[in-house]
Each structure stands twice: as structure tokens, then as C-alpha cells.
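Let me begin by presenting the structure, written as C-alpha cells, before commenting on it.
Coordinate-derived values only; no laboratory data. From a predicted model like this one, the values you see are computed outputs, not experimental measurements. Neighbour counts are summed over all protein chains in view; Cβ atoms, including those assigned to glycine, are modelled from backbone coordinates with ideal geometry.
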Amino acid sequence: MAKYYITNQVYSHRVRLITDQMLVRAVILGVEHDCIEELRQLYAYDGTDTFVERYSQWDDYRFLARFSDDSFSSSYCAKMLNALKCRRLYKQVFEANLMHFGDSARNLIEPSDDLRSRIEGLAAEAISPELQVEVDPLEVICYTYGQKAIWPGSGDQMGGMLVDEDGGPRPFEQRSTFCQSIEAMRSERFIGIIAPVVFENDVERDRLRRALLDPLHAAIARAVEAPHQKECSE
């Protein structure tokens with residue numbers, strides 16, 4: 001029970017998911033788009049002792065202070081890090097179970113960089129009209145996630161708890177409706193889209209999510225089908 005709650009209320013908490021995604025995107029954009037050499041040297045492992053020594057001298061505070069500095073003010077990296085420092089988290093504007101995408105779901109479980117970029121580009125196009133402002137696709141983040149294994153026997157080397165029923169021992173998780181429903185949920189995967197959106201209140205948040213539900217679902221489906229359509233046209 002405790003493992004279930006810590007999994008769903010801590011590891012899979014929306015604020016943590018969004019924070020992690022923003023940090024990863026800040027590093028990626030800082031290296032690949034902003035071309036910050038100091039950041040590249042920090043994260044591009046080259047197998048040398050020098051890299052390990054340099055990396056060990058950094059911590060979270062130094063990282064945030066350095067790369068959100070005014071000297072990087074024009075970079076995407078600094079923009080995202082400053083948003084995190086000021087607690088201006090990007091907002092989740094879309095979430096759906098991958099099962100809603102039918103046969104396309106298999107391509108979304110671990111989307112390639114190209115597919116992720118296509119989804120984010122089409123998502124930005126879908127979000128912009130609703131916000132009446134142009135949304136930068138580099139600031140739209142598509143990610144997928146699932147529940148971690150929480151019951152003995154589903155990846156952990158732990159013994160299960162047995163209950164005596166009908167004259168013989170049976171695993172507790174097989175007899176508990178609560179456990180069975182959670183185990184089924186654990187096997188599901190979801191896709192989410194976050195963007196630099198500001199909600200004035202909960203009513204505005206719900207309205208925007210409803211308005212974007214179909215357009216973003218269609219954008220994801222189009223992104224998945226794009227390579228297939230190109231092959232057919234050739």
C-alpha cells in the first residue's frame with residue numbers, strides 16, 4: 001500500500017514530471033540549439049578522467065546559478081531554468097492513454113527524436129490559435145510515461161504475501177480487487193504535452209484543455225502517420 005501511494009503521489013506526481021521534463025529540455029536546448037560549450041562539456045561524456053573530475057564539481061545549485069545567469073539571458077536554456085527558479089512551471093495541456101491511438105500506440109511508447117519533434121511542432125500549431133499568440137515548438141514538450149512496478153514479482157526480487165483460501169495458499173495480489181485494479185493500471189502508458197501556458201484560474205484551465213483535446217489528439221495522430229504517408233507518396 002505504501003509503495004503504491006509513494007509511486008503515484010511522489011514519483012508520478014504531475015509537478016515532478018513537468019519539472020523533470022523542463023530540466024531535461026533546458027539541457028538539450030542549451031547544448032543543441034544554444035550551443036553553450038560549457039554545458040556541452042559538462043554533459044557530453046568523453047570517457048576521460050577529466051570529464052569525471054569536472055562533473056563531480058557541479059551540483060544542482062551551481063548548475064541553476066550558472067546557466068540561468070544574465071550572460072545566457074538570450075538562450076532557451078536560461079529561459080527555462082529561470083522559469084523553474086521562479087516556479088513558473090509549464091502547464092500540461094494534454095494527456096491521454098496510449099490505447100486511444102490504436103495501432104499507432106506502439107510508435108508512441110518510446111517515441112524517436114524525430115517523431116517527438118513532429119508532435120511538438122504540430123502541437124504548437126494547434127495551441128497557438130487558442131492562445132492567440134505564436135507558441136515556439138521548442139518550448140512544447142511531448143513525453144510518455146507509465147506506472148512503475150509496485151507489486152512483488154513484477155520486477156522486484158521479493159517474496160509475495162500468501163493468503164490461505166480454499167485449502168491452499170494463493171498470492172494476495174490475485175485475491176485483492178484493489179491490487180488487481182492497480183496492477184492493470186500499472187501496465188498502461190500515457191502521453192502528455194506541456195507548454196508555456198498560464199492559467200488564470202481552474203475554470204480557464206479546464207476550458208483550454210477541453211478546447212485542445214481534439215486538436216492535439218489529431219496532431220499526434222498526424223505526426224505518427226507522417227512517415228507512412230511520405231513512403232506512400234514516393
Please give the net charge around residue 46, taking every other residue with its beta carbon less than 15 angstrom from that of residue 46, where Lys and Arg add +1 and Asp and Glu add -1.
-2
Determine by what factor the alpha-carbon radius of gyration of region 1-89 differs from 2.2 N^0.38 Å, reporting the quotient.
1.26
Arrange the following residues from fewest to most other Cβ atoms within 10 Å of their Cβ: 203, 224, 93.
203, 224, 93
Need the full-extension length gain, residue 45 to residue 198, defined as separation in residues times 0.36 nm minus the C-alpha distance. One decimal, nm.
51.4 nm
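How high is the relative contact order of region 1-89, in percent, counting Cα pairs under 8 Å that sit 6 or more residues apart?
Working: 53 pairs, mean separation 29.4, N = 89.
The normalised contact order for region 1-89 reaches 33 percent.
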